[in-house]
Number of protein chains: 2
Amino acid sequence: MQILFDRIRKDGIVKSGNVLKVDRFLNHQMDIELFREIGKEFKRRFSDVEINKILTIEASGIGIACVTAEFFHVPVVFAKKTKTKNIAGEVYTTKVESFTHGTVYDIIVSKEFLGKGDKVLVIDDFLANGKALDGLTTLIRDSGAELVGAGIVIEKGFQEGGRRIREKGIRLESLAIVDSMDEKTGEITFKNE
Amino acid sequence: MQILFDRIRKDGIVKSGNVLKVDRFLNHQMDIELFREIGKEFKRRFSDVEINKILTIEASGIGIACVTAEFFHVPVVFAKKTKTKNIAGEVYTTKVESFTHGTVYDIIVSKEFLGKGDKVLVIDDFLANGKALDGLTTLIRDSGAELVGAGIVIEKGFQEGGRRIREKGIRLESLAIVDSMDEKTGEITFKNE
């Protein structure tokens, strides 16, 4: 997706520790015209399968998921990050380890909004070590819904998440797969360019 | 906005303590076709003013803000809730008291994404005591941007937020203003129906 590669090069900032900041257009300030192109591309890639729900995780996945959902004509459910103890039985819940913050948090989805008969596409902004996607996969499995695939905007191809998730047999479509980033020159190469 | 009144009556749940749960279509599961209608209505109501940025707050405002932004052709910035100490100088920050959780949290917006020359429309799902909107107003003022108005999906008209914010001279457009809710019968009346 050339406009995405170009945009990451133009506005992405490579920081130490393999951090790629894209908050100018993806996850703090959000370029909705770009989100339209992203949503259209996800629809193109998943046009051969039936999907009746999009699942994402707060907060930065929500915008992309909502704009993408317009092309699929399905509702979006977002998993909530929480520290609140929830009444057993009302929600599906699992733990997720945060790569960025070095913490563990719970994610929850109400049982009312995920279950048998749901054909779920997961949408998220980033895939690095894949822990968030693992968590969402667990919630989907626990609910009896079917995970049809996952659409990711930026995958860090040099981290293990993508490989591990593809090995599980999950259909994973990443629009930009970063192969390498140079903190000094700012140069970014993509595996799928 | 009749389809919104109807939907709140159909899928909203009145709980004790003046709680209105609308997570079937607004802030956990999200009905994107409804969001399109909401976005269109905000555009109609704010069609007479210049807006070049939409500001919202994570997490449940993000989806509505993004779909609304498609009608305004402007980017969205969302204020982040955080407990992280941020380096002074990089962000605008203020404290917000949570009505729902009885806690105080910090919200931040990077200085890069809000400033002089920005004509800002605030979009959020709920207005009750108005503390989140107060916080966003503070960030906008501190940044030198101009607050053009605020678009709210559901205002609890029996709480003080709306009155207080209108008295400040802020242009506030709430699509559904709840006048009263009956926990026993589930009956909901709207001020603007």
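The numbers here are math on the coordinates, done by the rules we state, and not lab data. Note that the structure is predicted; figures quoted are calculated from it, not measured. Cβ coordinates were reconstructed from backbone atoms using ideal geometry, including for glycine residues, and neighbour counts include every protein chain displayed.
Computed values, structure above
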{"read-out": "Chain A: antiparallel DSSP beta bridges as a percent of all, rounded to 5", "value": "45"}
{"read-out": "At 7 Å out from Cα toward Cβ: residue B:48 inter-copy label distances (nm, ascending)", "value": "5.4"}
{"read-out": "Compactness of segment B:145-193 - radius of gyration and Dmax, Cα, Å", "value": "12.5, 45"}
{"read-out": "At q = 0.11, 0.18, 0.24 Å⁻¹, base-10 log of I(q)/I(0) for segment B:49-140 (Debye sum, equal scatterers on each alpha carbon)", "value": "-0.30, -0.79, -1.31"}
{"read-out": "Relative contact order of segment A:90-193, pairs being alpha-carbon contacts under 8 Å that are 6 or more residues apart, as %", "value": "22"}
{"read-out": "Charged-residue dipole, Cβ positions (Lys, Arg, Asp, Glu), chain B about Cα centre, Debye nearest 20", "value": "320"}
{"read-out": "Rounded to 5, the percent of DSSP beta bridges in the protein assembly as shown classed as antiparallel", "value": "45"}
{"read-out": "³J(HN,Hα) computed for each position of segment A:182-191 - Karplus, 6.51 cos²θ - 1.76 cosθ + 1.60, integer Hz, glycine/proline x", "value": "10, 4, 7, 8, x, 5, 10, 10, 10, 5"}
{"read-out": "Label spacing, shortest first and in nm, from residue B:142 to its equivalents in the remaining copies (7 angstrom along Cα→Cβ)", "value": "3.7"}
{"read-out": "Percent RCO, i.e. relative contact order, over segment A:2-190, from Cα pairs under 8 Å lying at least 6 residues apart", "value": "19"}
{"read-out": "Peptide ranges B:52-61, B:106-115, B:27-36 listed from the most packed, as the mean C-beta count within 10 angstrom indicates", "value": "B:52-61, B:27-36, B:106-115"}
{"read-out": "Hull volume in cubic angstrom per residue (convex hull over the Cα atoms of segment A:106-193)", "value": "95"}
{"read-out": "Exam field: residue B:182 pseudo-label spacings to other copies (7 Å along Cα-Cβ), nanometres", "value": "7.2"}
{"read-out": "Computed Kirkwood radius, in angstrom, where 1/r is averaged over Cα pairs of the protein assembly as shown", "value": "21.4"}
{"read-out": "Top positive-direction residue, dipole computed over segment B:2-190 with Cβ charges, set B:73, B:180, B:114", "value": "B:114"}
{"read-out": "Where only C-alpha atoms are counted, convex hull volume of segment B:92-149 per residue in Å³", "value": "73"}
{"read-out": "Dipole moment magnitude, nearest 20 debye, segment B:100-186 about Cα centre, only Lys, Arg, Asp, Glu C-beta charged", "value": "280"}
{"read-out": "Gyration tensor (Cα) of segment A:23-76, equivalent ellipsoid semi-axes in angstrom", "value": "20, 13, 8"}
{"read-out": "Cβ-placed point charges (K, R +1; D, E -1), dipole of the protein assembly as shown about Cα centre in debye, nearest 20", "value": "500"}
{"read-out": "Value of [θ]222 nm, deg cm²/dmol, for chain A, DSSP H segments ≥ 4, -39500 (n - 2.57) each, nearest 500", "value": "-9000 deg cm²/dmol"}
{"read-out": "Taking the C-alpha atoms of chain B, convex hull volume expressed per residue in Å³", "value": "109"}
